[in-house]
1. Tell me the relative contact order for the stretch A:300-444 as a rounded percent, counting alpha carbon contacts under 8 Å between residues six or more apart.
2. Suppose a student asked you for the relative contact order of the stretch A:188-344, using Cα pairs under 8 Å spaced at least 6 residues apart; what percent would you report?
3. Enumerate by residue number the trypsin sites (Lys or Arg not before Pro) in the stretch A:71-172 meeting two conditions: DSSP loop (anything except H, G, I, E, B), and at most 16 other Cβ atoms within 10 Å of the site's Cβ.
4. Tell me, what is the Rg over Rh of the stretch A:371-413, with Rh the Kirkwood radius over Cα pairs?
5. In nm, what is the difference between 0.36 nm times the number of residues separating residue B:22 and residue B:7 and their Cα-Cα distance?
6. Can you show me the helix-derived [θ] at 222 nm for chain B, built from DSSP H runs with n ≥ 4 at -39,500 (n - 2.57) apiece and divided by the number of residues, rounded to the nearest 500.
7. Does the protein assembly as shown come out rounded, prolate or oblate by the C-alpha gyration tensor, with a ≥ b ≥ c the root eigenvalues, rounded set by a/c under 1.5 and, if not, prolate when a/b is larger than b/c and oblate if not?
8. With a cut-off of at most 11 other beta carbons within 10 Å, and DSSP calling the residue loop, which trypsin sites (Lys or Arg not before Pro) in the stretch A:372-444 qualify? Please list them.
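What follows draws every value from the coordinates through simple rules; no lab data is involved. In this text, all values refer to a predicted model and were calculated from it rather than measured experimentally. Cβ atoms come from the backbone with ideal geometry, glycine included; neighbour counts cover every protein chain shown.
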Amino acid sequence: MSNIDLALWSFPILLILIFLRAPIALAMLAVGFAGTYMVTGTTMMTLNQMKTLTYGTFSNYSFSIIPLFLLMGQFATLSGMSAALFRAAESFLGHRKGGVAMSAIGACAGFGAICGSSLATAATMGQVALPELKRYGYPGSLSTGALAAGGTLGILIPPSVILVIYAILAEQNIEKLFVAALIPGILAALGYVLAISIWVRVSPNSAAVKPRVPWGERMVALLSVWPVLTIFLLVVGGIYLGVFTPTEAAAVGAAGTGGAALASGQMSWAKLVQAILATASASAMIYLIILGAGFYNNFLALTQLPQTASVWVAEQGFSPWLVLAAVLVMYLVFGCIMDSLSMVLLTVPIIFPIMVVLDFGMSANDFGLWFGILVLIVVEVGLITPPVGMNLFIINSMDKDTPIGQTYKGALPFVLTDMIRVVILASFPAITLWLVWFIDAWVG
Amino acid sequence: MYSALSMIARALAQGMALTGGIILLLVVGMTFLSIIGRVLVPLDIGLGPIRGIYDITEIGIAAAIFAFLPWCQLQRGHATVDLFKPAFPNVMNRVIDVIMDAGMLTAAALIAWRLFLGMQDKLRYGETTLIAQLPVWQGYAAALVGAVVFALVAAFCVIRSLRALARSESLGEPQ
């Protein structure tokens, strides 16, 4: 068996292990270890690497942004900002048809600006918005579907843990990725609001609207969310202007949301312990997958599969756009059953070298940003598609009266807007890249 | 006997995770101070960034992440695809749990063992970090604590899933 054959066989084996419920990190570790043994004929190489590889990975300065962003998100959930954001959004949108659900989306978008995780956003906003949606008579399918979709704004709107991982794997500029994610993130929120607006008009329901709020009160409500805006500008702006390293910005963000949590009076010892334990579990999970992906990618690099595959694809003369479409569809399909982070860690090291040699008529830097945002969106869709959509599960578990089937149904219109958005952003790269170009021209 | 083991594993894992959390908070605090120091440099009042803050961050985060591993293991926090779990027979799921926990134990033991050897190397060569000149072996030593507890907790998890297989009772949430 040639090395390339070995590499090609490793995919189905890895998938079988994963479907047999192996922890994804363990499956990648095992296949990487065994594969390297079969290529080199010795385990000594891997064992020697392991003396420094694990510590080297865990102490990598670029990765240190991850636990800090997770901690920031955990503190954000205790800051009371979710309720303030929801009140502010409601004062602007509450009097419209479907307005309470739209406010939930708006608040999710705001919360996404200080939280880089989708599950935390969905869970936090669910706590605040679900009772209110119920009180105003929204059907369970719409409220749970909207909140599950709104939760994905946590990673679509920067800061975003998935983008950090993509930036490291594809060697892209994290600050520019955050800026590039901004307009697509806002488009996502607008798309979700539009979906709600169409839903409440097409399907008759009992959802009530709130009375119109005078502008004075709206401004007061808006001012009460100043900590969110301050922290967001400090973190994303600070990274972009080079005032902080990304890790420092994440630490500032954690300190900021931690301070807001202290000030809100919601932080108790028990809550702090909870926040730390949740950060611990999520960080350990991510780092172990990064370690496993490192083993697996070392093996793939030994077999030279990524280079061979990219040469092969280039020689076939496929249309770049067709390849892109195929890759995005693959992400959508796998997203239905796999979690977004593992998918990015597993695929980007193989897919990116293939994609970057294709000619999309833009510079390699622009391509890296644009492709990253497209990948971010398609893997995020996986969070709200059955059968395995973590956001659907978490929101559904918070609403005892709504069966999971109703939540699946409720998420569908939002998935549809995601699809439309992917097609638009893929067809017009300038939408994503415009803000980066603009700021570059302005700053530089 | 089992409940005693279970309590010890939980106490160890939680204690490590909280220790890691305190380290994480310290990193946040020191980074914050360092940034303030850097901002104050132009005032020339003898304040500046913390020397080697990046080295300190690297060591602190590494120690914290190693300390987080046992808790993730005990809580079954690893990412898995459970799509086919309901389709598999009950016994098969139990057997898979045992195999996967044994796999995790192997990985954890391997990681701890190699980390220990790596620490000996760093100690022998007296390697230090670039700026803060901290001995690298000390970072390894801090990491080793978490790695060893990870292996111990992983061993407990094998016992836990073996017991569940033997009793064939439904696997509830970890206690």
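1. Numbers: 114 pairs, mean separation 35.5, N = 145.
Relative contact order here is 24 percent.
2. For the stretch A:188-344, the relative contact order is 11 percent.
3. On the way: sites: A:87, A:96, A:97, A:134, A:135; in loops: A:96, A:97.
When the trypsin sites (Lys or Arg not before Pro) of the stretch A:71-172 are filtered for loop state and at most 16 Cβ neighbours within 10 Å, A:97 remain.
4. Working: Rg = 11.7 Å, Rh = 10.9 Å.
Taking Rh as the inverse mean 1/r over Cα pairs, Rg/Rh reads 1.07.
5. Details: separation 15, 0.36 × 15 = 5.40 nm, distance 2.22 nm.
The span from residue B:22 to residue B:7 would gain 3.2 nm if fully extended.
6. Details: 4 runs with 129 residues, N = 175.
Rounded to the nearest 500, it is -27000 deg cm²/dmol.
7. On the way: a/c = 1.32, a/b = 1.25, b/c = 1.05.
Verdict is rounded for the protein assembly as shown.
8. On the way: sites: A:400, A:409, A:421; in loops: A:400.
Counting only loop positions with at most 11 other Cβ atoms within 10 Å, the trypsin sites (Lys or Arg not before Pro) in the stretch A:372-444 are A:400.
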